[in-house]
Amino acid sequence: MSELFEEVGPDAPTLCAGWKTRDLAAHLLVRERRPDAAPGILVPALASYTQRVQDSYAARPWSELVGKVRSGPAWYWPTSIGALDELTNSAEFLVHHEDVRRGQPGWEPRPAESARDAAAWKSAKQASKLNLRKSPVGVILKTPEGREARVKEGPDTVTVIGAPIELLLFVFGRDAARITFEGDAYAVDRLRKHDRGL
């Protein structure tokens, strides 16, 4: 992630509405270094404080931000433990990496890579339980190779087909995912319009 940040610079667009790369880097630092501010990422009542802390990070020199992202979580942060880091950060960093890549003109999906794709497939299935819990239709995730996971029970099941990273991006609510759908057109439309973020 830090290499991509260095490549595109602090003011490149991202897929995160209203955020440049500087804002995204600051968000990652809040998640991994500020236990007092991180809850506001998910709790609306605390969001204004989180935003102030994030803005203070974003105001720092770009090289400092990138260096802190590169060095990982603070020693006292739970994600400094390997297994917990993988559980909580694997999807986050995969998605945000693509937020930066796909925010640039002319992007193309990265070539398949077995370890990254395995992590993306695992994360897509796990994140679906939360992100698709209120889906108005049933959902099956399927890779072009035929791996399949029913991630949401419900009526009018829709199958979402794509490479693992594309499925992960879809589950996280990103529209810049190269996927196809199988199912009733009305059900597909309902799923596409459903808020898939946290």
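Answer with yes or no whether ARG116 is surrounded by 12 or more Cβ atoms within 10 Å (Cβ to Cβ), in contact (Cβ under 8 Å) with a residue 24 or more places away in the chain, farther than 30 Å from VAL43 by Cβ and among the charged types (D, E, K, R). The answer is yes for ARG116.
Among the residues that make up the range 29-43, is at least one of them farther than 26 Å from ASP175 by Cα, among the aliphatic types (A, V, I, L, M), at pLDDT 95 or above and out of contact with any Gly (no Cβ under 9 Å at 6 or more places or on another chain)? No, the conditions are met nowhere in the range 29-43. Under the condition of being at pLDDT below 95 and not in a helix (DSSP H, G or I), the residues counted in the range 60-73 number 2. Each residue in the range 124-161 was checked for being under 14 Å from VAL188 (Cβ atoms) and small (Gly, Ala, Ser), and 3 pass.
Regarding the range 46-59, can at least one residue be identified that is assigned by TED's automatic domain parsing to the domain that holds LEU94, buried (at least 17 other Cβ atoms within 10 Å of the Cβ), among the aromatic types (Phe, Trp, Tyr) and not in a helix (DSSP H, G or I)? No: zero hits. The set of residues in the range 124-172 being among the charged types (D, E, K, R) and farther than 14 Å from GLU182 by Cβ consists of LYS125, LYS129, ARG133, LYS134, GLU145, ARG147, LYS152, GLU153, GLU166.
For the range 176-197, a residue qualifies if it is of a type in the set (Val, Ile, Thr) and assigned to a helix (DSSP H, G or I), and exactly one does: VAL188. TYR76 falls short on exactly one of the conditions (1) at pLDDT below 95; (2) more than 30 Å from ASP11 (Cβ to Cβ); (3) not assigned by TED's automatic domain parsing to the domain that holds ALA17, and that condition is (3).
When ALA124, ALA119, ALA115 are checked against the criterion of being modelled with pLDDT of 95 or more and of a type in the set (A, V, I, L, M, F, W, C), a single residue qualifies: ALA124. Residue pairs whose Cβ atoms lie under 7 Å apart, separated by 6 or more positions or on different chains, with the first residue in the range 1-24 and modelled with pLDDT of 95 or more and the second β-branched (Val, Ile, Thr) and not in a helix (DSSP H, G or I), are LYS20/THR14; THR21/THR14; LEU24/THR14. Every listed requirement among (1) outside any loop (DSSP other than H, G, I, E, B); (2) closer than 27 Å to PRO13 by Cα is met by ARG150 save one, (2).
The values are calculated or read from the model by the stated rules, or taken from the named source; none is laboratory data. Everything numeric here is computed off the predicted structure, so don't read it as measured data. Note that each Cβ is placed from the backbone with ideal geometry, even for glycine, and that neighbours are counted across all protein chains shown.
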